[in-house]
Amino acid sequence: MRWKKRKARHSLLFIIALLTLSIVSLMPMLPTDHASAAKKKLVMGTSPDYPPYESVDAKGSGEIVGIDIDIAKYIANHLGYELQIASMDFSGLIAALQTGRVDFVMSGMSVTEERKKSVAFSESYYTARNTIVSRKDKAYETVEQLSGKVVGAQLGSIQDTFAQTIPGAKQKKLNKIADLIQEMNAKRLDAAIVEDAVAIEMVQANPNLVLSFLPSSEEDTGYAIAFPKQTKLVDAFNLELANMKANGELQKIIDKWFEGKKTAVNGSTGGLNIDFGVLNGYVPYILKGVYVTLLFTLVSALLGLCWGTVLSLFKISGVLPLQWFATAYTSVFRGTPLLVQLTIIYYATPQLFNFDIPALLAAGLAFGLNSAAYLSETIRGGIMAVDKGQREASIALGIPYRKMMARIIFPQALRHILPALVNEFVALLKESSLVSVIGVSELMRRADVVRASTFRAFEALLFVAAIYYVLVLVLTSLARMLERRLRRSD
């Protein structure tokens with residue numbers, strides 16, 4: 001009984017050391033928590049897939065640029081703040097405000113009565129018009145013509161709300177503007193409701209599309225800056241916006257971006273034709289995501305392997321509390337979707353523990369903890385497959401439990417489960433694309449940025465798919481080399 005207690009104690013110490021090591025290994029790649037940073041720092045949330053308001057300068061500095069960014073920098077500078085920009089999906093911006101992850105949001109966000117219930121708004125800084133974007137071969141010019149048609153809009157946008165009011169139309173909500181174009185080109189969408197400046201870029205980049213301006217409405221409230229309800233920043237921002245309107249600075253920023261975009265016609269042929277020329281200048285930006293993807297996969301795999309090993313030991317320990325814990329843990333993490341676990345860790349941690357967990361750390365924990373649930377069963381099966389007589393012989397010879405497991409049982413179990421381990425690591429590498437939903441700049445997120453900039457989806461996605469395939473081939477080749485070496489050592 002004493003060795004069982006000793007084993008449980010060592011296992012718990014190992015868990016603590018492992019989690020600490022995993023967190024420390026991720027910290028050099030993580031942004032600083034704004035709550036603990038300089039007092040004069042403001043964090044702005046945005047979804048950089050909406051040019052000319054906000055997009056990533058993938059061909060240049062790699063920074064987020066646009067109308068909203070210039071306005072935010074001007075205001076922050078005049079108020080004496082340092083501006084930090086947090087990238088995330090548009091649908092997650094309100095949640096980021098409510099959990100304190102960001103101090104304010106600028107992302108072409110319109111003021112609505114529904115949003116006013118959750119956040120506070122500044123005065124409007126720009127009023128846009130809605131447009132209908134459709135294919136040239138079947139163009140629509142009025143709302144009445146959309147009755148009975150499939151109409152798309154960006155999820156959570158004011159255009160999404162407007163589309164729901166179109167009589168007889170079937171709504172389709174998508175996360176990205178680039179997705180709307182792809183769906184129209186594939187003829188799964190008849191039309192899309194898009195804001196005018198973005199629609200102009202869509203049509204310029206895709207000559208097979210046309211746009212039609214919808215009449216202005218008195219209900220149009222324009223774009224405004226969103227804040228948490230309890231903030232004291234609204235009055236200060238309103239004062240700066242008024243000054244910008246009075247001194248012409250606001251109009252100067254708007255003119256800079258709109259005039260610059262009028263001649264920025266993409267050279268693609270439009271339609272469903274493949275033109276990898278649209279990736280010119282974007283390839284280095286995409287390739288930088290390989291490092292983040294590999295780092296994330298490595299840390300997640302190590303955390304999953306080590307924690308999964310501990311869970312497997314719990315399951316065979318004979319100590320009932322540890323067995324119950326390991327069984328319940330495996331049941332929960334295997335019984336709920338990985339994406340749900342990821343978003344819970346990322347969004348719930350600030351709300352529950354008042355800690356602004358960085359996106360990459362949240363992703364590493366979610367994937368590592370999820371992988372451990374699956375690997376615990378794989379490792380347990382490998383341990384149980386080792387001849388029971390070897391354990392009995394080790395105990396008879398007085399070999400300590402830890403030495404027996406480390407030098408006798410685990411090496412043999414590894415030979416049995418190596419193919420299953422490789423499969424799990426390959427799955428981690430491919431599923432790493434899920435972390436793009438919380439703004440981690442890995443391969444998939446960077447492909448989304450290119451899609452938003454070029455308004456073409458197939459080329460960037462195919463290029464990223466090829467990168468993933470090469471990485472998987474390298475991983476499987478290394479695993480085969482290891483497997484052959486282990487066989488020769490038998």
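Taken together, the values in this text are just the output of simple stated rules run on the coordinates, not laboratory data. Quantities reported herein were computed from a predicted structural model and do not represent experimental measurements. Please note: Cβ atoms are built from the backbone with ideal geometry, for glycine as well, and neighbour counts cover all protein chains shown.
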Would you please give the residues with an amide H less than 5 Å from that of R129, counting only those at least 5 places away or on a separate chain, with H modeled from the backbone geometry? D196, A197
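Which of the residue pairs K176/K430; K41/K256; K73/K245; K73/K252 have a Cα-Cα distance greater than 23 Å in the structure shown? Please list the in-between numbers first.
Values: K176/K430 21 Å; K41/K256 27 Å; K73/K245 15 Å; K73/K252 14 Å.
Beyond 23 Å: K41/K256.
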Amide H of G62 versus every other amide H placed in the peptide plane: which residues, excluding those fewer than 5 positions away on the same chain, fall under 5 Å? D57
Dipole magnitude of the chain about its Cα centre (Cβ charges: Lys, Arg +1; Asp, Glu -1), debye to nearest 20: 3160 debye
Multiply the residue separation of K232 and H78 by 0.36 nm, subtract the distance between their alpha-carbon atoms, and state the gained length in nm to one decimal. 53.8 nm
Taking W307, W324, W257 and counting other beta carbon atoms within 10 angstrom, the fewest-first order is W324, W257, W307
Residue by residue through the stretch 350-360, what is 3J(HN,Hα) from phi via Karplus (6.51 cos²θ - 1.76 cosθ + 1.60, θ = phi - 60°)? Round to whole Hz and write x for glycine and proline. x, 6, 8, 10, 6, 10, 7, 5, x, 4, 5
Which residues does a label at A242 reach in the stretch 93-130, if reach means a backbone N under 18 Å from a point 7 Å past the Cα toward the Cβ? 121-126
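Multiply the residue gap between D387 and T165 by 0.36 nm, knock off their C-alpha separation, and tell me the result in nm, one decimal place. Walk me through the numbers on the way to the answer.
Values: separation 222, 0.36 × 222 = 79.92 nm, distance 6.85 nm.
In short, 73.1 nm is gained.
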Under 18 Å from K172, Cα to Cα: aspartates and glutamates that are on another chain or at least 8 residues apart: D89, E144, D160, E183, D190, E195
If you take the beta carbon distance between D137 and A396 as r and set R0 to 56 Å, what does 1/(1 + (r/R0)^6) give as a FRET efficiency, to the nearest 0.05? 0.10
What translational D, rounded to a whole number of µm²/s, comes out for the chain from Stokes-Einstein when the hydrodynamic radius is the Kirkwood one over Cα pairs, at 37 °C and 0.692 mPa s? 130 µm²/s
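Using a/c under 1.5 as the rounded threshold, could you call the stretch 130-213 rounded, prolate or oblate? The axes a ≥ b ≥ c are square roots of the C-alpha gyration tensor eigenvalues, and prolate needs a/b larger than b/c, oblate otherwise. Walk me through the intermediate numbers first.
Values: a/c = 1.37, a/b = 1.18, b/c = 1.16.
In terms of gyration-tensor shape, rounded.
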Give the residue from L320, A192, L418 lying farthest towards the positive end of the charge dipole for the chain; charges sit on Cβ (+1 for Lys and Arg, -1 for Asp and Glu) and the dipole is referred to the Cα centre. L320
Highest mean first, what order results for 183-191, 445-453, 72-80 on Cβ atoms within 10 Å? 445-453, 183-191, 72-80
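Share of antiparallel DSSP beta bridges in the chain, in percent to the nearest 5? Could the numbers behind the result be given before it?
Details: 20 of 35 bridges.
Of those bridges, close to 55 percent are antiparallel.
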Skipping prolines and chain starts, which residues have an amide H placed within reach, meaning under 5 Å, of the one on E82, given they are 5 or more residues away or on another chain? K41, L42
Spacing of the two label points (7 Å from each Cα toward its C-beta) at D196 and L287, in nm: 4.2 nm
If one compares the long axis through the Cα atoms of helix 234-247 with the longest principal axis of the Cα atoms of the chain, the angle in degrees, nearest 10, works out at 40 degrees
Between S317 and K430, what's the calculated FRET efficiency when r is the beta-carbon distance and R0 is 41 Å? Round to 0.05. 0.80
Tell me, what is the percent relative contact order of the chain, built from C-alpha pairs under 8 Å that lie six or more residues apart? 19 percent
Using packing as a proxy for protection, rank 474-482, 407-415, 127-135 so that the peptide with the highest average count of other Cβ atoms within 10 Å comes first. 127-135, 407-415, 474-482
For the stretch 450-467, what does the Karplus curve 6.51 cos²θ - 1.76 cosθ + 1.60, with θ = phi - 60°, yield as ³J(HN,Hα) per residue in whole Hz, taken in order and with x for Gly and Pro? 5, 4, 5, 7, 9, 6, 9, 9, 4, 5, 5, 5, 5, 5, 5, 4, 5, 5
Which aspartates and glutamates, if any, have their Cα less than 13 Å from the Cα of K315, not counting same-chain residues under 8 positions apart? E377
Could you state the orientation-averaged shadow area of the convex hull built on the Cα atoms of the stretch 440-482, in nm² to one decimal? 3.3 nm²
Rounded to the nearest 0.05, what FRET efficiency do A420 and D275 give with R0 = 30 Å and r taken as the Cβ-Cβ distance? Could you check? 0.10
Could you go through the stretch 159-165 in sequence order and give the Karplus-derived ³J(HN,Hα) for each residue, using 6.51 cos²θ - 1.76 cosθ + 1.60 with θ = phi - 60°, rounded to whole Hz, and x for Gly and Pro? 5, 4, 5, 5, 4, 5, 8
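Restricting to bridges with both residues inside the stretch 130-213, how much of the DSSP beta-bridge set is antiparallel, in percent to the nearest 5? All intermediate terms of the calculation are to be shown ahead of the outcome.
Details: 10 of 17 bridges.
Approximately 60 percent, going by the DSSP bridge assignments.
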Cross-link partners among aspartates and glutamates for K40, C-alpha distance below 12 Å, same-chain residues fewer than 8 apart left out? E82, D103
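With +1 on each Lys and Arg Cβ and -1 on each Asp and Glu Cβ, how big is the dipole of the stretch 130-213 about its Cα centre, in debye rounded to the nearest 20?
Details: 10 positive and 10 negative charges, 75 e Å.
Rounded to the nearest 20 debye, it is 360 debye.
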